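None of the figures in this text is laboratory data; all of them are computed from the coordinates on show. Keep in mind that what you see is a predicted model, and the values were worked out from it rather than measured. Note: ideal-geometry Cβ built from the backbone for every residue, glycine included; neighbour counts use all protein chains shown.
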Amino acid sequence: MATMLKEQDKEQSQTSLPLGMENVHPDSAYDVIEDIHSHMLENEAFLEEEEENEELEEGAHFKKHGILIAGTSDVDDSVAMYLREIGRAPLLTAAEEVRLAQAIEASKNERERARQLNVHPDRRTIERGKEAHRHLIEANLRLVVSVAKKYTGRGLSLQDLIQEGNTGLIGAVDKFDYTKGYKFSTYATWWIRQAVSRAIANQARTIRLPVHLAETINRMGRVSRALVQELGREPTSQEIADKMGISPEKVMEIIHVNQKPVSLETPIGEDSDKNLGDYVEDETSTTPTEGADRQLLKEQINKVLDNLSERERKIIQIRFGFVDGQSHSLEEVGKTFNVTRERIRQIEAKALRKLRQLSTTHHLQDYLD
């Protein structure tokens, strides 16, 4: 192990990049990023992957990580069958990974050669490449389970997490460069994690969050947990903001965005047949008190209007919106009664004078206070 680490450090020092990328040609920028990424991965995950791979014998990996294969309620039958199936594939040595990667590369080169020359590619080379591609994927399916299980409880089932992780593994196989010298599992881990985390960001929530925002939320969660361990209490938004290098307002915004929708059908209590929706106030409806006040006001208004003639009552009701809830102009009321707007104004003035003289009219003032 120590020899491998020394060789790794030596290789990293030989391939290290200068600070800044001014001299990097645009066409090789992707390779530079791949180099930087591979160095970061090896520093972070090399020891972990080496230790894990030593114990990834058939069945041992699942026992180590608490995933039971048979007679368990933690996973359903389909997952258990899948775990048993992938456990049969033997692990690869570093030399075998290189050999398979070389076969895949040879297949790609053969396809490119045939395309440029407009000829048929060598079938045996292509078949060997396909077989190597399949073999490299199957031998690392347990790595996908190892990564996926760490993301359970975030909105997606273990089956979905494994499926998404498998797509990341396929991408890693397609892009793996064996000439860099690092193990395939070290390189593939990042691709698997990326596929799983993006799937959670895109599918786990009722309201989708952008991936970058989901990553910020995860980072804030890690910072918050670290501060709890350090301070022995829940951190304030200011302390979280200082640790993350953002404003407290941004922290509050992230907390607000991170709130998950709750179904109105959520049951309240174990034995109750009530749902959450039964206790949510409908702000658009009137309360019983308001309803009673409105009914009493309506009755008082009708009593007052009964002192007017039928024509005067109808004009007042239409003019001030007692009919359809909307007041109307003199001209509109005049068209309804086939008279001029001036005549409507006169009838309205006469009716209002009558109402002012009534003693019962003063009772309506109580509803305005």
Just order 269-282, 221-234 by mean Cβ neighbour count inside 10 Å, highest at the front, would you? 221-234, 269-282
What is the fewest-to-most order of 176, 322, 184 by other Cβ atoms lying within 10 Å of their Cβ? 322, 176, 184
Hey, how many Å between the Cα centroid of the stretch 239-255 and the Cα centroid of the stretch 123-177? 36 Å
Pairs of alpha-carbon atoms within less than 8 angstrom and 6+ residues apart define the contacts here; what relative contact order does the stretch 293-367 have, in percent? 32 percent
Projected label distance in nm at residue 275 and residue 116, using a 7 Å step from Cα toward the beta-carbon: 6.5 nm
